[in-house]
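Data block below; observations after.
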2 protein chains.
Amino acid sequence: MQTSTTEDYLKAIFKLSGPSKEGVSTNAIAEELSTKASSVSDMVKKLADKGLVNYIKYQGTTLSKEGEQIALHVIRKHRLWEVFLVEKLKFGWDEIHEIAEQLEHIKSAKLIDKLDEHLGYPKNDPHGDPIPNKKGEFHTLKKYKLNDLSIGEKSILIGVSEDSKDFLRYLDSIDLKLGSSIEILDFFQFDKSLKVLVNQKTERTFSELVAKNLNVSKEK
Amino acid sequence: MQTSTTEDYLKAIFKLSGPSKEGVSTNAIAEELSTKASSVSDMVKKLADKGLVNYIKYQGTTLSKEGEQIALHVIRKHRLWEVFLVEKLKFGWDEIHEIAEQLEHIKSAKLIDKLDEHLGYPKNDPHGDPIPNKKGEFHTLKKYKLNDLSIGEKSILIGVSEDSKDFLRYLDSIDLKLGSSIEILDFFQFDKSLKVLVNQKTERTFSELVAKNLNVSKEK
DNA sequence: AAACAAATTTAGACTTGTCTAAATACCGTG
DNA sequence: CACGGTATTTAGACAAGTCTAAATTTGTTT
């Protein structure tokens, strides 16, 4: 069983190695975790001893298969808790990260299963990022900004870019939430605003600024 | 800000000092926390330095006002999370303690406020123990076993003594949960069973064994 | 009051993770 | 290819909390 520090390191390395799984520099990890390079140097050595990372002196660090599984599992927990905080406890999308950073370290597989079920098996967190399943698999469904779509296209809201209090309150007020459907009805070149159909029932007009901040996936 | 170890010590001391607030022995704390007396001895000294406990060598430890506030706050968090686990995630009442032990250390006042609200401001945890309010105050409403009541009395279910899986599943199946009302309609001496009215609508018969395991408070 | 057992404290060591300061390796430029 | 600067690692120290083993205190019993 890992300490929460171990989990933080693995998560940081996962994040930094990106889709191409490049080796991550000691300094980058230090930066990400707000710690010193010397501490990281010590720590990755220990993680390597435990088989969680591959580490070659002066050359950077990558996750082992096992380390990656753990990282993905922590990310799963983090994102599920974020959904909980927004959907159930009505937190603003800008307040949740810090709390989820703590909740992600709670140890109980059953808790996460039940939470997942309670939330209706969400596929994305409130920022639109995909939630890995139990096995650590996830589908990066392609993320678009609403104003990249064409007239007639249907989409699902999967997150926001800008998550200021005000913006979130606005979304709330028009009953737009994660999973809501948005269909593009019309586009007005003169101010780049959009006429849309929300949840298959309400017509609205979105300014360019609003549309730009809505992350959606194309439906079907 | 306290570490979670500090919170565990304060909670243990609170629990052990009981209603009369007696001094707690080093050995008792060690036992409660599954640690060694020497560790406790070290630790209470540090807690005393921080003003969280009053400690006199060889004489035992009591909580300071501040230490008690912290302990009560941790207990509040623990019990609210227990309610969440049972009411929202449908955990059995026997599985929640261990998970709540972790959740109670999450730091965010706002989280607890929102959780409290989400749960409908419960007054008791699933075991029937009172949940302190934000200020650390709580009302110990008197706890009875259902079979201590007399015919005609009305009560509210506040917890169970025996929390085996089977028993909990049984309660679930008859829609009996925390806060449910139970009125005593009749008592049968020959087998000590009770006829009751659950939630003001369903008549049921409880065996003595069942009745004995239901903790209730008298209504009004 | 002396002696003994139990409870408690002290001393010294260990683990995890962190830091600063110093040493070393790597790499691009001239 | 040597130089200098940056990245990285090493060395040594520290804080929190724990442990074992030894020393001390307490309190009970005679």
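Just so it is clear, none of the values below were taken in a lab; they were calculated from the coordinates. All of these numbers come straight from a predicted model, not from anything done at the bench. Glycine gets a Cβ as well: all are built from the backbone with ideal geometry, and neighbour counts include every protein chain shown.
Taking the square root of 5 times each eigenvalue of the Cα gyration tensor, what semi-axes in Å does the equivalent ellipsoid of region B:70-120 have, largest first? List each step's numbers first, then the result.
On the way: eigenvalues 57, 36, 12 Å².
Ellipsoid semi-axes (Å, largest first): 17, 13, 8.
In whole angstrom, region B:1-44 maps to an equivalent ellipsoid with semi-axes of 16, 14, 8, each derived as √(5λ) from the alpha carbon gyration tensor and ordered largest first. Structural descriptor for region A:85-206: relative contact order 19 percent, calculated from alpha carbon pairs under 8 angstrom and at least 6 residues apart. Counting only residues at least eight positions apart within a chain, or on another chain, the lysines with an alpha carbon under 25 Å from that of A:Lys195 are A:Lys142, A:Lys143, A:Lys145, A:Lys154, A:Lys165, A:Lys177, A:Lys212, A:Lys218, A:Lys220. Between copies, the label points at A:Gln189 (set 7 angstrom from Cα along Cα-to-Cβ) are spaced 9.6 nm, reported in nanometres from shortest to longest. Per-residue extension of 0.36 nm, minus the Cα-Cα distance of A:Ser25 and A:Thr205, leaves a gain of 60.2 nm for this segment. Across the identical copies, the 7 Å label point of B:Glu101, projected outward along Cα→Cβ, sits 2.7 nm from its counterparts, in ascending order. Size descriptors for the protein assembly as shown (Cα atoms only): Rg and Dmax, in that order, 26.7, 86 Å.
For chain A, which longest stretch is free of loop sites, where a loop site is one of the GluC sites (Glu not before Pro) that DSSP puts outside H, G, I, E and B and that has at most 11 other Cβ atoms within 10 Å? Kindly include the intermediate steps, with their values, before the conclusion.
On the way: sites that count: A:Glu22, A:Glu137, A:Glu219.
In short, A:23-136.
Phi-derived couplings, Karplus 6.51 cos²θ - 1.76 cosθ + 1.60 at θ = phi - 60°, listed residue by residue for region B:123-130: 9, 9, 7, x, 8, x, 7, x Hz, with x used for Gly and Pro.
Computed on the Cα trace of region A:78-220, the radius of gyration divided by the Kirkwood hydrodynamic radius gives Rg/Rh = 1.00.
Mean silhouette area of region A:147-220, derived from the convex hull of its C-alpha atoms and averaged over all directions, reads 4.4 nm².
Amide H to amide H distances under 5 Å link A:Val24 with A:Thr61, A:Thr62, where only residues 5 or more positions off or on other chains count and H is placed in the peptide plane.
Cross-link reach is defined here as a Cα-Cα straight distance under 19 Å, omitting same-chain residues fewer than 8 places apart; for B:Lys65 the lysines meeting it are B:Lys11, B:Lys15, B:Lys21, B:Lys45, B:Lys46, B:Lys50, B:Lys77, B:Lys134, B:Lys135. With all pairs of different C-alpha atoms in the average, the Kirkwood value for the hydrodynamic radius of region A:1-141 is 15.6 Å. Between B:Lys15 and A:Lys36, the modelled labels are 3.9 nm apart [label points 7 Å from Cα along Cα→Cβ].
Rounded to the nearest Hz, the phi-derived 3J(HN,Hα) couplings of region B:192-203 under the Karplus curve 6.51 cos²θ - 1.76 cosθ + 1.60 (θ = phi - 60°) are 6, 7, 10, 9, 9, 10, 9, 6, 6, 9, 10, 7, where x marks glycine and proline. Database remark: amide H of A:Asn124 closer than 5 angstrom to the amide H of A:Ile131 (H placed geometrically; neighbours at sequence offset of 5 or more, or on other chains; Pro and chain starts carry no H).
Couplings for region B:67-80, taken from phi via the Karplus curve 6.51 cos²θ - 1.76 cosθ + 1.60 with θ = phi - 60°, read x, 5, 4, 5, 4, 5, 5, 5, 5, 4, 5, 3, 6, 5 Hz in order; Gly and Pro are left as x.
Given charges of +1 on the Cβ of Lys and Arg and -1 on the Cβ of Asp and Glu, with all other atoms neutral, how large is the dipole of the protein assembly as shown about its Cα centre, in debye to the nearest 20? If you can, show how the numbers build up before the last one.
Working: 68 positive and 70 negative charges, 37 e Å.
So the dipole magnitude of the protein assembly as shown works out to roughly 180 debye.
The modelled label-to-label distance for the pair B:Lys46/A:Lys45, using points 7 Å beyond Cα in the direction of Cβ, is 2.6 nm.
Taking chymotrypsin sites (Phe, Trp or Tyr not before Pro) that fall in a DSSP loop and have at most 10 other Cβ atoms within 10 Å as cut points, what is the longest piece of chain A between them?
Details: sites that count: A:Tyr58, A:Phe190.
It works out to A:59-189.
Remark on B:Asn215: its backbone amide H falls under 5 Å from those of B:Ile158, B:Gly159, B:Val160, B:Ser161, a criterion applied only to residues 5 or more positions apart or on other chains, H modelled at 1.01 Å from N. Note on chain A: helix-only mean residue ellipticity at 222 nm, from DSSP H runs of 4+ residues weighted -39500 (n - 2.57) and normalised by residue number, equals -12500 deg cm²/dmol. Give the Debye-formula value of log10 I(q)/I(0) at each listed q (0.16, 0.22, 0.27, 0.29 Å⁻¹), with one equal scatterer per alpha carbon of region A:114-154, two decimals each. Taking Cα atoms of region A:114-154 as identical point scatterers yields -0.55, -0.81, -0.99, -1.06.
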